[in-house]
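Trainee: Below are the structure tokens for one structure; questions will follow.
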Amino acid sequence: MAGNTFGTLFTFTSFGESHGPAIGCVIDGCPPGLSLHSEDFSIDLGRRATGRSRHTSQRHESDSVEILSGVYQGRTTGTPIALLIRNTDARSGDYSNLLDRFRPGHADYTYWQKYGIRDPHGGGRASARETTMRVAAGVVAKKWLFKHHGICIRGCMTQLGSLRPDRFDWDEVENNSFFWPDPGQIQKLETYMNALRKSGDSVGARLRVVAEGVPPGWGEPVYGKLDAELAAALMSINAVKGVGIGDGFDVIEQSGSIHRDEMTPQGFLSNHAGGILGGISTGQAITASIALKPTSSLRLPARSVDLNGHPVDVVSKGRHDPCVGIRATPITEAMMALVLIDQALRHRAQCGDVPPVSPRIAADAGLDTPSE
């Protein structure tokens, strides 16, 4: 099975299945000397974890990270870093009724067509459980980016179904389980999700991710464009069906005189481009958004076919998220970090001898008010 390695100079390869004994990853290309301990992973893995609220899957995993290699006396050595997380709360029996049939909206059918064999327990390799290791690798990337460039990456949810924030406050995002920027709407979200869970249905979401402090000059001009690689990374997250850079699809209704980010000696006057021009960072905040589809695993019966092509009804009995977007914020942050550290190392390799050039302008206008 190819396609499990991400990155060019800073790479990570993940392995494992949702209901296997463990999941893990190997990070290669991490520069030496970075402080790294098992406890460094606990915050972001806790933010991603299931069971964080009653509105997510009630699977409870400890997500304790074992560092198997690449770290000596608390510092990275420059050799491959192997990370392992053991699965402790898998319930494979929940999927016994799906051994001979395909769940609509899932990768069951496409995996069967590609490989002629599949692991039906919890989706196997296609499960969102795999994103745990993306977050773990993202922790390493975030630490290096902050240490060497002061880069801060943060995300939030900006739409749940038809609900959108009435106001935006970054300081409130980590104070609720929705990663929602408007504290006055939390009870409304709770009521909405309670009704959704009772109905047995699901809903989609929109998330926003921002990286502040990225220097100008990162990215390649044609095939290694920063925005192209960021879009591909975000699209690789389970259930993502749309990616926007900067204003994203809102640019359709904008005029050129509005969209172009005018410059003054004091800085840019706006950031509609999301901090990237010609595939290269401008020094402004890098901004992106993703759209996640509704969960397809439902207790509501759905029509499908079995392995012999006969019509069947499918009912999902496992523990599933009625909205996968609720715990996707740390995953989007991780993928942003993994793209940026890889681009940083590539830029250093080719252009590390380029002296500082002027002018450098990087004022951000409207950063705290997402356009979507």
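What follows is calculated from the coordinates using simple rules that are stated; it is not laboratory data. Just so you know, these numbers come straight off a predicted model, no measurement behind them. Positions of Cβ are backbone-derived with ideal geometry, glycine not excepted, and every protein chain shown enters the neighbour counts.
Trainee: Determine which lysines satisfy two conditions relative to Lys317: a Cα distance under 18 Å, and not lying fewer than 8 residues away in the same chain.
Mentor: Partners within reach: Lys198.
Trainee: Can you compute the FRET efficiency between Val354 and Glu262 using 1/(1 + (r/R0)^6), with r the Cβ-Cβ distance and R0 = 25 Å? Round to the nearest 0.05.
Mentor: That pair, Val354 with Glu262, gives E of 0.45.
Trainee: Under 5 Å between amide H atoms, partner at least 5 residues away or on a different chain: which partners does Ser64 have, H built in plane at 1.01 Å?
Mentor: Arg86
Trainee: Just want the ordering: Asp182, Asp353, Asp28, from fewest to most Cβ atoms lying within 10 Å of their own Cβ.
Mentor: Asp353, Asp28, Asp182
Trainee: Can you compute the helix-only [θ] at 222 nm over the chain? Use -39500 (n - 2.57) per DSSP H run of at least 4 residues, normalise by all residues, nearest 500 deg cm²/dmol.
Mentor: Value at 222 nm, helices only, nearest 500: -7000 deg cm²/dmol.
Trainee: Can you spot the lysines whose alpha carbon is less than 28 Å from Lys143's alpha carbon? Ignore those fewer than 8 places along the same chain.
Mentor: Lys143 reaches Lys225.
Trainee: List Cys323, Cys152 from most exposed to least, where exposure is judged by having the fewest other Cβ atoms within 10 Å.
Mentor: Cys152, Cys323
Trainee: Right, here's the next one. Given +1 on the Cβ of Lys and Arg, -1 on the Cβ of Asp and Glu, and no further charges, what dipole in debye does the chain carry about its Cα centre, rounded to the nearest 20?
Mentor: In debye, rounded to 20, the chain gives about 900.
Trainee: Hey, with R₀ at 25 Å, roughly what FRET efficiency would His148 and Ser38 work out to, going by the Cβ-Cβ distance, to 0.05?
Mentor: 0.65
Trainee: Next up: Just tell me which aspartates and glutamates come within less than 16 Å, Cα to Cα, of Lys142; anything on the same chain fewer than 8 places away is out.
Mentor: Result set, ordered by chain and number: Asp28, Glu39, Asp40, Asp44, Glu212, Glu333, Asp342.
Trainee: Continuing with this model, one more query. Could you pull out every residue, at least 5 positions away or on a different chain, whose amide H is within less than 5 Å of the one on Asp119? Hs are placed 1.01 Å off N in the peptide plane, and Pro or chain starts have none.
Mentor: Correct list: Arg125.
Trainee: 5 Å is the cut-off here: which amide hydrogens, built 1.01 Å from N in the peptide plane, fall below it relative to Thr295, excluding neighbours closer than 5 in sequence?
Mentor: Val203, Val324
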